[in-house]
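For reference, the structure discussed in these notes is given below.
A short reminder: the numbers here are calculations on the coordinates, not readings from a lab. Source: prediction; values computed, not measured. Cβ placement follows ideal geometry from the backbone for every residue including glycine, while neighbour counts extend to all protein chains displayed.
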Amino acid sequence: MLDSSSLKIIATADNHLSPVLPRMSALRAQRRRKYLQDAFARVVSTAIADRYDIFIQAGDLFDDQSPTNEDRAFVAEQFHRLRSADIPVFAVSGNHDMPRQSTEHGYSAPLEVYRQAGLIHYFAATNVVHPILIETNKGSVAVGGLSYYSALRYIRDPLAAADWEDPEDLFSKAQFRVLVVHAEIESAFTTDDSAQVIRKTTIEALPHIDLLITGHIHRFRCEKIGAAACVVTGPSERIDAGDNPAEAGYAGICIDNSHVVTADHIHMEPQPQYIVDLPAAELWDENSADPAQAVIDRLEKYCGAETMLKARISGFITPEQYRIFNTQKIIRWGSARCFTFQLQLDALRIAYEKTHMPRTLGRAERTEPIRVIEQLFEDRIAQAGADAHERELWESARDDVIKRMRSSS
């Protein structure tokens, strides 16, 4: 049973509201944005219904620095709901919704508007931790934060590079101490290519911190490093098909009077998304006369009116196989059956045999771009059939494109 004196914190990040969705129709894009809005609204509703003491937004509330007016108004409404319920909101900007340079938007992030309206406590600083002290019915809470340091180039640990301005020693005086950032925390998954990583040694050296909350990596994680419990919230909605659907949700956190932190991931069911990899060789084995139908048969089980589906076909096929591969049939079928459908062919290669090679795709060579273009035009010319005028147009276009390609190579 949870001690009633424990501080209850609800934390969310990577909500990615107002994304640009160029591959979707206007209607579908609006519905997708509604999924993202609903996920954030559910976190807010839970905070109010379950009487959390503090609401934390740990970066990337928006997908970029210029959200739509609709999403700006939506967020204002959600923050107003929290203020009306006497739940203070603390927030930082992430790598998506923080301007990348001082000349962009005057280096003012979208969250600044809500701070000026008195709806949230927003930590706009990227290199200075300046805590705020509030009083709750559970005791005093000191909260500090760092927004994403977009200008950071050579110092990869943003927390190690930050200054601490706490002249009143709020972190040591407060009963509960919380730090909010938006960066990756060093772990077994950290690579040399990772962008900004807070090192464990930096966290171990933090003075008087019970809880460090962050987002950024789109998966929930809770780990004790030094004296601080480090919680990565996970995204509120599945952002990409590569994200684990189990990670969609938010973090429910409690800190008792002994500074013991417990954190749970509360799952929320996301919009269905799938990436399906299809080896080309297997498609012709299953249906050599109609490989497009073989693709459709494999994808059938993933389809749904709300499903975002991406199919990737990879491997080698012969020119003869390419000519009978009706990709438009797949695209028409997928577009009619799914919320969104993408057919990726960038890893599909047309194999041209060398005279001394046996007829095997395993020893095929990658085709030249000009040959691919020629083949595409040949297919369209063949489809023109007996229409001499259409054939003439396609042949003229082919000759012009090939000429330009050769002159630029």
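Choose one answer from Leu17, Leu159, Leu133: the residue with the largest mean-square fluctuation in a GNM of the chain with alpha-carbon springs under 10 Å.
Fluctuation is largest for Leu133.
Taking GluC sites (Glu not before Pro) as exposed when DSSP calls them loop (any state but H, G, I, E, B) and at most 15 other Cβ atoms lie within 10 Å, what is the longest stretch of the chain free of them, the sites themselves excluded? Mind showing how you got there, number by number?
Working: sites that count: Glu165, Glu168, Glu306, Glu353.
In the chain, the maximal stretch lacking such sites is 1-164.
Please give the calculated 222 nm ellipticity per residue for the chain, where each DSSP H segment of at least 4 residues contributes -39500 (n - 2.57) and the sum is spread over every residue; nearest 500 deg cm²/dmol? List each step's numbers first, then the result.
Details: 11 runs with 125 residues, N = 409.
Per the formula, -9500 deg cm²/dmol.
Using the count of nearby Cβ atoms within 10 Å as a rough guide to exposure, how do Met405, Met308, Met268, Met98 rank from fewest to most? Let's see the in-between values first.
Details: Met405 14, Met308 24, Met268 17, Met98 28.
Lowest to highest Cβ neighbour count: Met405, Met268, Met308, Met98.
Restricting the count to DSSP beta bridges whose residues both fall in region 7-267, what percent are antiparallel, rounded to a multiple of 5?
On the way: 23 of 52 bridges.
In region 7-267, DSSP labels about 45 percent of beta bridges as antiparallel.
Once you put a point 7 Å from the Cα of Ser172 and another 7 Å from the Cα of Glu378, both along the Cβ direction, what distance in nm separates them?
8.0
For Lys34, which lysines qualify as cross-link partners when the Cα separation must be under 27 Å and same-chain residues fewer than eight apart are set aside?
Lys301, Lys310
Of the options Ala109, Met24, Ala174, report the single residue whose Cα projects farthest towards the positive end of the charge dipole of the chain (beta-carbon charges: Lys, Arg +1; Asp, Glu -1).
Working it through, the farthest residue towards the positive pole turns out to be Met24.
Using a Gaussian network for the chain with springs between C-alpha atoms less than 10 Å apart, which of these wobbles most: Ala241, Ala29, Ala117?
Ala117
How large is the charge dipole for the chain, taken about the Cα centre, if only the Cβ atoms of Lys, Arg (+1) and Asp, Glu (-1) carry charge, to the nearest 20 debye?
Working: 45 positive and 58 negative charges, 136 e Å.
Dipole size: approximately 660 debye.
List the aspartates and glutamates whose Cα lies under 14 Å from the Cα of Lys138, skipping any in the same chain that are fewer than 8 positions away.
The reachable aspartates and glutamates, counting only those whose Cα sits under 14 Å from Lys138, are Asp3, Asp53, Asp86, Asp256.
Can you find, among Gln293, Gly145, Gln57, the residue sitting farthest towards the positive end of the charge dipole of the chain, where Lys and Arg contribute +1 and Asp and Glu -1 at Cβ?
Farthest towards the positive end: Gln293.
Take the chain, connect every pair of alpha-carbon atoms lying under 10 Å apart with a spring to form a Gaussian network, then pick out the residue of Pro131, Pro319, Pro67 with the largest mean-square fluctuation.
Greatest mean-square fluctuation among the candidates belongs to Pro319.
May I ask you to list the lysines whose Cα is less than 17 Å away from that of Lys200, ignoring any residue fewer than eight positions away on the same chain?
Candidates past the 8-residue exclusion: Lys224.
Any idea which of Phe220, Leu206, Phe74 is furthest toward the positive side of the dipole for the chain, if Lys and Arg beta-carbons carry +1 and Asp and Glu beta-carbons -1?
It is Phe74.
Binning at 10 Å from 0, report for the chain what percent of all alpha-carbon pair distances ends up in each bin.
4, 19, 24, 19, 14, 11, 7, 2, 0
Once R0 is set to 56 Å, what does the formula 1/(1 + (r/R0)^6) return for the Cβ-Cβ distance between Arg404 and Ala85, expressed as a FRET efficiency to the nearest 0.05?
Values: r = 63 Å, r/R0 = 1.13.
Step by step, r from the Cβ atoms, then E = 0.30.
What Kirkwood Rh does region 44-173 have if only Cα atoms enter the pairwise 1/r average? Answer in Å. Present the calculation step by step, with values, prior to reporting the outcome.
Numbers: mean 1/r = 0.0639 Å⁻¹.
When all Cα pairs of region 44-173 are included, the Kirkwood radius is 15.7 Å.
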